[in-house]
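Take a look at the structure set out below.
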Amino acid sequence: MNRNGMLFLVMERGKAEKAMEILRNNGSQGGTVINARGTASSSLLSILGFGDTRRDVILSMMEEGIWKASKEDVERLKTKGIAAFMGGSDMEGNWTMIQVICETGYGDDVMAEARKAGAGGGTIIKGHGTAKGDDVKFFGYPITSEKEILVIVEKTEKAEEIIKAIEAMPIFQKRGKAVMFTLPVSSFATFG
C-alpha cells in the first residue's frame, strides 16, 4: 500500500533545489522551501555566533513510495541534514517530531532545555501568527504576530523526557506564549 504523507527535509542552505529535482524525478508534485537555522551545538559557539547554521527546510506532500525511491539519491547529496516522513505505513516508528510554536526570542531557550533533557538538536523556523492576539485562539491560546517554530526529531523513547522538560518551562505557564505538539515519524534518516 502506498500511503500519502509529508516529508520534512532539513539540509544546508542552497541544496534544496537539487533535492527537489530528485523528488520531482520520482513523482513529487513539488513542495515548499523555507529558510531556517539549525541550533548551536554548544553555548560557547552560540555566544560567539558560530554555532548556528543556515538551513533549508523542504515540506512536501507525497506518496510514501516517492520518498522511498528518492531517499538514497538525496542522501548522496553533499550536504548534512535530516529527513523525516510522517504518515507512512509504519505509524509505530521509532521517532517522534516535537514542534514548539513560541514567541520570537524563546526558541533558543526551549532548545537549551530540550538539550538538557537529551535532545541532540533542532531547527528553528521564523513565522508569524494570523491575526491579533485578541482575534484568534489556538486551543485557547491567543496567536500573536512574530513566532519561532522549533522542530526536534528524536527517538520516541527519549521524546517523553524532552516534552516534560519543555512543558516545565515558565513560558508554558504563561497564557499565549507557546504551544507544543508531537507527530509520529514513520521514516527517519540522517545524511552527510
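No value in this document is a laboratory result; all are computed from the given coordinates. Everything quoted here is computed from the prediction, not taken from an experiment.
Residue pairs exceeding 28 angstrom between C-alpha atoms, taken from 126/164; 15/158; 80/174; 71/164: 15/158; 80/174; 71/164. Short to long, the 5 Å bins of the Cα pair-distance histogram for the range 51-129 hold 3, 10, 19, 21, 21, 14, 11, 2 percent of all pairs.
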